[in-house]
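Presented below is the structure to which this report refers.
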Amino acid sequence: MSIDKPHLSRQHALDLLKTMVRIRLFEARCAELYTQEKIRGFLHLYDGEEAVAAGVIPALSPRDRVVATYREHGHALARGLSMNAVMAEMYGKASGCSGGRGGSMHIFDGEANFCGGNAIVGGGLPLAVGMALTDKMRGEDRVSTCFFGEGAVAEGEFHESLNLAALWSLPVLFVCENNRYAMGTALQYSESEMDIHAKAACYDIASEAVDGMDVVAVEAATRRALSSIREAGRPYFLECRTYRFRAHSMFDAQLYRDKAEVEEWRKKGPILRFQHWLLETGLAHTDDIARIEKEVRSEIDEAVAFAETAEWEPIEDLTRYVTSEERPAVPSAAGASAKTVETTYREAVRDAIVDAMTRDDRVFLMGEDVGRYGGCYAVSKGLIDDFGPERIRDTPLSESGFTGAGIGAALAGMRPIVELMTVNFSLLALDQILNTAATIRHMSGNQFGVPLVIRMATGAGRQLAAQHSHSLEGWYAHIPGLRVLVPATLEDARGMLWTALQDPDPVLIFENVMLYNMAGELDQNAGPVAIDKAAVRRDGTDVSLITYGGSLWKTLKAAEELSKDGISAEVIDLRSLRPLDDATIMASIAKTRHAVVVDEGWCSGGLAAEVITRINEQAFWDLDAPLGRVCSEEVPIPYPKHLEDASIPQVPKIVAAAKAAFGR
């Protein structure tokens, strides 16, 4: 048969019809179950759009990946997921395809390369780009297909993702299911250009619009697209113009459209239309249609019975799979040599990147200006000459897009290092970090993990003012599913990265900007270090000074000043903010019975407050005085040097706080 035209044998035609009928009747039963409160939360039905899933997904190979939307029941069934498992997931049962943890909007199946529904509008687009990037870098024959609605085209991630896919010539099939309403806002009220596929053409992506109510037309267009992608290695964009007959979700009163409009569209619905055509051409008969409906209803009854009797996940497993149960081996300490080398923090980080990329060809670095420019802080200077532009990958200024692509690449088996220029810019990627990287393992029932490292500069001191200077690492330490590291020494700058890359879950590394020029001696055998434990950087008996990152060296100076007044301060370098090493903290408290926490983040709701609360919960009876903290002032970081210095922890403030613990 022609590569771009479906062969409509009788059997193939009946298969297309059955795929659509399965989706339609399954969702009709789900709507009933929703009214019976068997299914809860949001329920987004695909009623009217079945021709898109039925026309696209069966044309894919089993190796191709699928990234879907929150309206993904049809995609899942068309991909071949067990109806029993999908229905159990709708119920939230442990035997659901995501272990019951994802529900209606988050259906996953790793074996089927069904990479999940995504409840963030447009959130799946960068993931598909990253998966396709993996395939291109590995030379694998796969296509990553991403479904999304027309509402997503207003999102920045839409434009960032299309730009990356075109810029890097990636094998992505973008499928826009244009059902004319983004929730309740009609397309003409949200887009100045309503010809969606024309937007893709602006990025030099081959694109076409197809009648999304015609399953044959959708399949033919899909075959053309796949042929083009596999031959040219470039993305392709399909705008499938369709219509949803039901509400946006079961909460939707549909006040934004007339019933007459819906009924008019129902008359040209994909199943009704295809059935009429099959009967007219003699490819199917009424008894064929009746048989299909009977088989499907029986299958649905079986799925409902399965879900009804399936077990709930025990409450004891609530926190299981927040992170992987399989932890990497703790690196053995390298034996000290008789020789040290003079180096800087910047060079130590650079050496760590070189070491990782030399050891593992899955590792690559990408971010803004990391290649030809050499990195904003010159960490990656010259690396593009050593490893080439494929592995030292410059990106556009699109933090959400390339961070999401890094997540997608990690999901597909790579070990990306994503560099965000500064912590303030990371907020543009927070959606991808929080809603996907930190969440997907738990949400998918442990089917998918994100072995990704994100590095970023943090902290004040360079007179870069409020939008480049904050310390937000404590915000990220609030998020389950992430590991947050704060290397403060040359040894940790050199050694944390490789260990982080072995972690099966996302690791964020915050590098304080004031440390890059810090020079010192480093053992020539320095290598990977453990990342789970805090470190006692100075022994003491009277007060515990607990800190991390750029504040470590100020705190050590403060400890030296305190010693002149007869106060022996123990200095704890947290090293990891998530998880915190409670044991080392409490052991120090048991010895000193006094503590001050030094944190460059803001005081209110900050990391220092978390450490203090844990001490109160676990070691209150060991304390001889109230706990103290030294944090940044509650102001945006100002530009003038004297004000900037006054806004963040400094040695005199730390000394004063420690003395206050003794009533001095």
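At a glance:
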{"read-out": "Residues of the range 556-575 satisfying the condition of being touching a residue at least 60 places away in the same chain (Cβ under 8 Å), outside any strand (DSSP E or B) and out of contact with any Phe, Trp or Tyr (no Cβ under 9 Å at 6 or more places or on another chain)", "value": "557, 558, 561, 562, 565"}
{"read-out": "The range 413-454 - residue that is of a type in the set (D, E, K, R) and surrounded by fewer than 24 Cβ atoms within 10 Å (Cβ to Cβ) and, of those, farthest from residue 603 (Cα to Cα)", "value": "415"}
{"read-out": "Residue in the range 398-419 that is modelled with pLDDT of 95 or more and touching a His at 6+ places or on another chain (Cβ under 6 Å) present", "value": "no"}
{"read-out": "Some residue of the range 57-73 being assigned to a helix (DSSP H, G or I) and modelled with pLDDT under 95", "value": "yes"}
{"read-out": "Residue 637, sole failed condition from (1) within 33 Å of the chain's Cα centre (by Cα); (2) at pLDDT 95 or above", "value": "(2)"}
{"read-out": "Lone qualifier among 574, 623 - being open to solvent by less than 40 Å² (accessible area, probe 1.4 Å), of a type in the set (A, V, I, L, M, F, W, C), within 23 Å of residue 459 (Cα to Cα) and modelled with pLDDT of 95 or more", "value": "574"}
{"read-out": "Hits in the range 74-96 (condition: without any contact (Cβ under 8 Å) to a residue 24 or more places away in the chain and either closer than 22 Å to residue 220 by Cα or assigned to a loop (DSSP other than H, G, I, E, B) (or both))", "value": "82"}
{"read-out": "Residue under evaluation residue 219, criteria (1) within 17 Å of residue 170 (Cβ to Cβ); (2) in a helix (DSSP H, G or I), criterion not met", "value": "(1)"}
{"read-out": "Filter result for residue 180 (open to solvent by 20 Å² or more (accessible area, probe 1.4 Å) and under 25 Å from the mean Cα position of the chain (by Cα))", "value": "no"}
{"read-out": "Residues of the range 591-616 classified as open to solvent by 50 Å² or more (accessible area, probe 1.4 Å) and among the small types (Gly, Ala, Ser), total", "value": "2"}
{"read-out": "Pick from the range 496-537, criterion surrounded by 17 or more Cβ atoms within 10 Å (Cβ to Cβ) and among the charged types (D, E, K, R), ranking: nearest to the chain's Cα centre (by Cα)", "value": "505"}
{"read-out": "Residue list for the range 606-644, filter: without any contact (Cβ under 8 Å) to a residue 60 or more places away in the chain, within 17 Å of residue 550 (Cβ to Cβ) and of a type in the set (D, E, K, R)", "value": "629, 633"}
{"read-out": "Scan of the range 199-215 for residues that are surrounded by fewer than 19 Cβ atoms within 10 Å (Cβ to Cβ) and either touching a strand residue (DSSP E or B) at 6+ places or on another chain (Cβ under 8 Å) or closer than 13 Å to residue 56 by Cα (or both), ordered by number", "value": "201, 206, 208, 209, 211"}
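The values are calculated or read from the model by the stated rules, or taken from the named source; none is laboratory data. Because the structure is predicted, anything quoted here is derived from the model rather than measured. Note: ideal-geometry Cβ built from the backbone for every residue, glycine included; neighbour counts use all protein chains shown. Each accessible area value is taken on the protein alone, full model and side chains, heavy atoms only, with ligands, DNA and RNA left out. Shrake-Rupley method; radii C 1.70, N 1.55, O 1.52, S 1.80 Å.
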